[in-house]
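The values are calculated or read from the model by the stated rules, or taken from the named source; none is laboratory data. Quantities reported herein were computed from a predicted structural model and do not represent experimental measurements. Here the Cβ positions follow ideal geometry from the backbone for every residue, glycine too, while neighbour counts run over all protein chains shown.
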Amino acid sequence: MNVELLPPYLCLLGISFLVSFFLTPIASKIAWRVDAVDYPAARRINRKPIPRMGGIAVFGGIASSFFMQLLGARHLSWPVMLQPSPLLDINYWAVAVSFVVIFATGLIDDKYQLSPKQKLLGQVIAACVAVSGGLVIGKVVNPLTDQFIDFGWISYPITIVYLVAYSNIINLIDGLDGLASGISCISSLTMFILSMMAGRLDAAALAISITGSTLAFLRYNFHPASIFLGDSGALLLGFALGTVSLLSVTRIAGLTTIIVPLVIAGIPIIDTFSAIVRRSRAHVSIGQADRGHIHHRLMEEGFDQRGAVLVMYSWTAILCMGTFAMTQVAMLPRIAIFTVLMVASATFSIHLKLFQPVLLHHYNPKTGDDELIGPQDPAFKEEEARFEEEHGGLPHLP
């Protein structure tokens with residue numbers, strides 16, 4: 001790592017922090033004014049109305065850092081951070097426009113509650129804009145032959161799916177005060193360190209701006225929160241972290257660098273995967289909301305909001321330290337570290353019963369309807385016993 005580059009990055013960290021910090025109260029006022037507010041409901045943890053347009057502050061922090069890079073390179077003799085790998089030709093303005101699109105999609109959803117298809121369309125458009133600007137997975141080194149694997153045209157749809165998926169895994173885990181913003185902060189700091197070590201200045205600049213923005217936002221978002229990220233923030237953070245990981249993957253073209261960003265985002269990935277398995281086991285729609293996410297299970301274990309969030313912060317930090325270790329050792333120890341991280345995470349997931357359905361079908365003899373019931377319903381225990389007898393204890397996809 002080149003320590004001479006640290007002052008400009010510390011400046012980016014400070015700029016993104018300050019802008020996000022001072023914009024958050026303004027974002028809260030805007031959310032109240034347009035009624036972009038999360039009111040208490042059965043599935044929500046909050047017990048009072050909370051505004052949900054925190055993405056305004058996070059976007060402001062990231063955007064200010066972007067323009068600070070341009071000013072620093074032009075007037076302060078900073079190194080040119082927005083410089084792609086020789087393997088790629090990236091139009092950073094197109095990537096910036098993609099950030100505007102994903103932010104606008106979330107902002108509209110915060111206000112008007114878009115349908116899943118409408119929201120997905122906005123995410124796909126944002127990803128397409130980024131890909132059109134040259135942000136693609138590109139070539140990857142084959143670890144067996146040291147030759148480049150060129151994905152060709154298929155790299156474009158793969159990258160689009162990757163960015164959309166990364167956006168949603170952060171959005172799906174945004175269920176407790178400070179959870180998504182804190183995990184994004186820890187993950188982006190790890191990505192910053194790895195990007196600096198690899199000499200990828202553009203990835204490092206975006207990563208540190210995410211760190212500064214989320215760290216400042218946590219001042220208002222950590223329990224008890226006075227404002228939520230909303231989709232404007234959660235989708236943006238997922239998209240931004242996905243972009244950082246792509247910038248790094250395309251530069252350090254190896255199998256490990258494809259795995260590393262996935263391990264860093266291990267908690268939201270596990271949460272998303274377990275939700276798919278859980279709902280598929282219960283034969284309900286994958287998009288059907290339930291109370292079986294990691295944070296719900298931790299609270300059932302007796303943790304309060306703050307405690308559950310700190311457990312998930314710690315889990316994320318362990319995964320991040322593991323990924324750092326993976327980049328510093330040879331192949332066999334790298335595989336061993338990866339295996340330990342995966343086995344430990346799987347064990348914890350099974351302990352929390354993440355794959356156990358929390359919604360079951362129940363025939364209501366009074367109405368003749370097949371209803372979805374949860375643990376709060378008197379008939380749930382009966383249906384749960386019947387389900388276990390029919391399907392056994394192992395999760396499976398039908």
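Odds and ends about this structure:
- Here is the figure for the stretch 322-361: residues that are without any contact (Cβ under 8 Å) to a residue 40 or more places away in the chain and either buried (at least 18 other Cβ atoms within 10 Å of the Cβ) or in a loop (DSSP other than H, G, I, E, B) (or both) total 4.
- Check on Asp202, assigned by TED's automatic domain parsing to the domain that holds Arg47, surrounded by fewer than 24 Cβ atoms within 10 Å (Cβ to Cβ) and either among the charged types (D, E, K, R) or farther than 25 Å from Ser132 by Cβ (or both): yes
- Given (1) closer than 16 Å to Leu206 by Cα; (2) modelled with pLDDT under 85, index of the condition Leu135 fails: (2)
- In the stretch 39-51 there is no residue that is at pLDDT 90 or above, more than 21 Å from the chain's Cα centre (by Cα) and small (Gly, Ala, Ser).
- The stretch 167-192: number of residues that are part of a helix (DSSP H, G or I), modelled with pLDDT of 90 or more and under 16 Å from Thr316 (Cβ atoms): 14
- If you check Ala57, Ala73 for being in the same structural domain as Val97 (by TED's automatic domain parsing) and in contact (Cβ under 8 Å) with a residue 40 or more places away in the chain, only one passes: Ala57.
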